[in-house]
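Novice: First the structure, which I've put down as structure tokens, then a few questions once you've had a look.
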Amino acid sequence: MKFEMLDKKMRAFETSMDQFVIPELYIVTRLDGRGFTKLTKELLELERPFDIRFSDAMIQTTKHIMNCGFNIVYGYTESDEISLLFHLDDNSFGRKTRKLTSILAGEASACFSLALNTVATFDCRIIPLPNDKLVIDYFRWRAEDANRNALNAYCYWKLRDQGLSSSVVTNKLSGLSIGDKNDLLYQQGINYNDLPAWQKRGIGFYYSNTIRRSYDPIKQTEVDIDRRVLICDTELPMNTNYSSFLNEMLFKKLT
Ligand SMILES: Nc1nc2c(ncn2[C@@H]2O[C@H](COP(=O)(O)OP(=O)(O)OP(=O)(O)O)[C@@H](O)[C@H]2O)c(=O)[nH]1
Ligand SMILES: [Mg+2]
């Protein structure tokens, strides 16, 4: 068979699973650490429930992905996951899902592994969203997940540290309301409200323009330089304030 014919025949198989995100849908992707329960418990000696080295590696990874060639306008990380919102006009790789998921998972896995000096991998999924409101709902959902995780994790490890087994603690916590869990922590000397915001709400990444005064040696005069800087926000607002914040910050820029 001639190469051209073989090429044409095999391309049909190769591209048979190709999908892409249709234009005018927002692309949100979420990366999630694979088997990080084992990694954090057994392979790395991490502080529980939150470890600053782990969090720094997640921050470094999110920043790396936001700078690896896509037009990503918002990043968000909590626990072992990273969510990313692409600019509505981003047309990288013709919006092919296989390209987006494999490149993002590869970049995140490589960066995180180097940061903690251990082999670690991320999976990646795409969540196509049809409008601004659903994008805001998505990020509200992940922030709420962060809040629930933080409360559960503090309760879990506080009880484990008293020598209770994993199954006893899990049983003890199941069926407790949010109020009960706050009370449980309070009795153990932890006021949940006083814990760092980044642990309860996650961390956001977005661009901001800042003006910096500089000296132009050619014109021999002072000039204002407009710089686009990536902000890493560890004090995100909560609930409806978070929705308003995202609405203001993202959709003014995206439209
Ligand atoms: N010690 C410690 N563990 C953390 C920290 N952040 C996240 N983790 C752990 O990371 C894990 C993330 O949970 P999952 O993504 O649901 O579990 P997983 O084991 O990664 O499973 P898959 O994602 O399905 O592969 C949980 O066990 C968390 O306790 C941290 O700062 N310190
Ligand atoms: Mg995981």
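Novice: What helices in the chain pass both tests, a Cα length along the helix axis of 15 Å or more and a mean Kyte hydropathy of -1.0 or higher, using whole DSSP H runs?
Specialist: 3-14, 52-66, 97-116, 132-160
Novice: For the chain, what class follows from the C-alpha gyration tensor (a ≥ b ≥ c being the square roots of its eigenvalues): rounded when a/c is under 1.5, otherwise prolate if a/b is larger than b/c, else oblate?
Specialist: oblate
Novice: Charges only on Cβ, +1 for Lys and Arg, -1 for Asp and Glu: so what's the dipole of the range 57-120 about the Cα centre, in debye to the nearest 20?
Specialist: Value, rounded to 20: 280 debye.
Novice: With every atom except the alpha carbons ignored, what do you get for Rg and Dmax of the range 110-158, in angstroms?
Specialist: When restricted to the Cα atoms of the range 110-158, Rg and Dmax are 15.6, 42 Å.
Novice: Quick one: grab the alpha carbon gyration tensor of the range 99-194, order the square roots of its eigenvalues as a ≥ b ≥ c, and give me rounded if a/c is under 1.5, else prolate or oblate depending on whether a/b is larger than b/c.
Specialist: Judged from the Cα gyration tensor, the range 99-194 comes out oblate (a/c at least 1.5, b/c at or above a/b).
Novice: How about LYS200: which lysines have a C-alpha closer than 24 Å to its C-alpha, ignoring those fewer than 8 places off in the same chain?
Specialist: Here the lysines satisfying the reach criterion relative to LYS200 are LYS38, LYS41, LYS63, LYS133, LYS158, LYS172, LYS181.
Novice: With the dipole of the range 204-255 worked out from charges on the C-beta (+1 for Lys and Arg, -1 for Asp and Glu) around the Cα centre, which of THR240, ILE218, GLY204 lies farthest toward the positive end?
Specialist: The residue sitting most towards the positive pole is ILE218.
Novice: Something else about it: What's the magnitude of the charge dipole for the chain around its Cα centre, counting Lys and Arg as +1 and Asp and Glu as -1 at the beta-carbon? Answer in Debye, nearest 20.
Specialist: The calculated dipole for the chain is roughly 520 debye.
Novice: Give the shape of the range 207-255 as rounded, prolate or oblate, defined through the alpha-carbon gyration tensor: a ≥ b ≥ c are the square roots of its eigenvalues, a/c under 1.5 means rounded, and otherwise the shape is prolate if a/b is larger than b/c and oblate if not.
Specialist: prolate
Novice: From Cα pairs below 8 angstrom and at least 6 apart in sequence, can you work out the relative contact order of the chain, rounded to a whole percent?
Specialist: 21 percent
Novice: I'd like the distance between the alpha-carbon centres of the range 6-25 and the range 136-202, rounded to an integer number of Å.
Specialist: One Cα centre to the other: 45 Å.
Novice: Peptides 170-178, 64-72, 37-45: what's the order by average Cβ count within 10 Å, highest mean first?
Specialist: Order by mean packing, descending: 64-72, 37-45, 170-178.
Here, each number is a calculation from the coordinates, and none is a lab measurement. For clarity, every value in this text was computed on a predicted model and none was experimentally measured. Note that we place each Cβ from the backbone using ideal geometry, even for glycine, and neighbour counts take in every protein chain shown.
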